[in-house]
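Report on one structure; see the data block that follows.
No value in this document is a laboratory result; all are computed from the given coordinates. Predicted, not measured: the structure shown is a model, and the values here were computed from it. All Cβ positions, even for glycine, are placed from backbone atoms using ideal geometry, and neighbour counts span all protein chains on display.
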Amino acid sequence: MLAAVSVRADTARLGERLQYATIAWNSAECVVALIAGFAAGSIALVGFGFDSAIEVTSSIAALWRLRSDRDEAARETAERRTLRIIGVCFLALAVYVGYEGALDLLTGQPPEYSVPGIVIAALSLIVMPILVRFKRRIARRLGSGALEAEARQTRICACLSAILLAGLGLNASLGWWWADPAAGLLMVPLIAREGWDAVRGRTCCD
């Protein structure tokens, strides 16, 4: 029994370190994406920056969940609240990206070429899948639906990186200005679905 408790505590501490790494990466990602996005007039890039900010919020909530792991009652409370925090943030992001993407398509405002945006999207596409792998391992070991949901959010961030990179690349190489807001709109169903599931307290384990 004591050995099992010790292993669980070690797993929780490993999870905490992983969340600190996620916070550091996504904070830098958020700053670069927002600055580059506003400078280039790229809704997809700005949306990606806000998604990174949401990922920081979720990681902070996940840290709370991990630190509550020893107390079963506190653990359950943290599970529920973490899911709701993630869900509400994602739904807000879906509304923002959907509105701005549709507006850009209607007004025909082309974004400018953004080298920093392309670089940060490419790096995120490398870093995010690695984080997902380790986060899901921690979630499974602790039997935590909330941590699993947070790992799924990181996986979504990787998907958004791919969509963003495609949109920015098409705009830069072929001058397809509409690819950028279209890429932003492609994010909306994915974000909204995950947000709604989290608000309802559903995880892939349900």
Discussion item. Over the Cα atoms of the range 103-167, each weighted equally, I'd like the Debye log10 I(q)/I(0) at q = 0.18, 0.21, 0.27 Å⁻¹, rounded to two decimals.
Written reply: -0.71, -0.82, -1.04
Fill in: Test item: Cα-centred dipole of the range 2-199, Lys/Arg +1 and Asp/Glu -1 on Cβ, debye
880
Worksheet item: Please state the Cα pair-distance histogram of the chain with 10 angstrom bins from zero: what percent is in each bin?
Response: 10, 36, 31, 16, 6, 1, 0
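If neighbour count is taken as other Cβ atoms inside 10 Å, put 56, 46 in order from fewest to most. Show your work: numbers first, answer last.
Values: 56 18, 46 23.
By the 10 Å Cβ count, ascending: 56, 46.
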Worksheet item: Between residue 140 and residue 106, what is the label-to-label distance in nm when each label sits 7 Å out along the Cα-to-Cβ direction?
Response: 4.6
Discussion item. Given an 8 Å cut-off on Cα distances and at least 6 residues of separation, report the relative contact order of the chain as a percent.
Written reply: 29
Discussion item. Quick one: 3J(HN,Hα) in Hz for the range 142-159, Karplus 6.51/-1.76/1.60 with θ = phi - 60°, rounded, Gly and Pro as x.
Written reply: 8, x, 10, x, 5, 5, 5, 5, 5, 5, 5, 5, 5, 5, 4, 4, 5, 5
Discussion item. Spelling out what I want: for every residue of the range 95-101, take phi, set θ = phi - 60°, compute 6.51 cos²θ - 1.76 cosθ + 1.60 (Karplus), and round to whole Hz; glycine and proline get x.
Written reply: 5, 4, 5, x, 5, 5, x
Worksheet item: Taking 0.36 nm per residue of separation and subtracting the Cα-Cα distance, what length does fully extending residue 99 through residue 10 add?
Response: 27.6 nm
